[in-house]
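Derivation of every value follows stated rules applied to the coordinates shown; laboratory data play no part. Note that the coordinates shown come from a computational prediction; the quantities given were computed from them, not determined experimentally. Virtual Cβ from ideal backbone geometry, glycine too; neighbours counted across all protein chains shown.
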Amino acid sequence: MSTHPNAPESTQSTGELITQLSEQTSQLVRDEIQLAQSELKETAKHAARGGGMLGAAGGIALYAVGVLLIAAIAALSLVLPLWASALVIGVALLVVAAVLALGGKRQMGQVSAAPRQAIDSVQRDVSTVKGASQS
């Protein structure tokens, strides 16, 4: 006889062993799901904290860009009138925005509403199963 505490005794019937196996498998699955939930909660906490920090950094960076633009206008106003300096910087920003918008439009044109590879893979799987079931 085995010395393992959970080892089945030789007097257990096959039905009892199958019942025990079913209960242990169910408990294992529940424990694994609970572990996964716990890990996901911890990951979500870090993601939320990190997202908040990134949002704050983006807000501060936006203010910094504004200050740098004012500094660029002030520097340019040493050689041009103030209104011309602001106009030059404004036009330069519009050019940058237009280039970014065109690049973004090009990228969006490559977006597909349906996941083509996944759909093709599922269709191949269905065809394979149908072919195997007809054989």
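Table for the structure above
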read-out: Projected-area mean, region 16-108, by convex hull of Cα positions, square nanometres; value: 10.2 nm²
read-out: Theoretical FRET efficiency, 1/(1+(r/R0)^6), r = Cβ-Cβ of Thr25 and Met108, R0 35 Å, to 0.05; value: 0.15
read-out: Dipole of the chain, positive direction: furthest Cα of Ala98, Ala84, Leu28, with charges on the beta-carbon; value: Ala84
read-out: Lys130 versus Leu54: modelled label distance in nm, points set 7 Å from Cα along the beta carbon direction; value: 4.2 nm
read-out: Pair Ala74, Ala98: separation of 7 Å Cα→Cβ label points (nm); value: 3.0 nm
read-out: Computed label-point distance, nm, for sites Val67 and Lys41 using a 7 Å Cα→Cβ extension; value: 4.1 nm
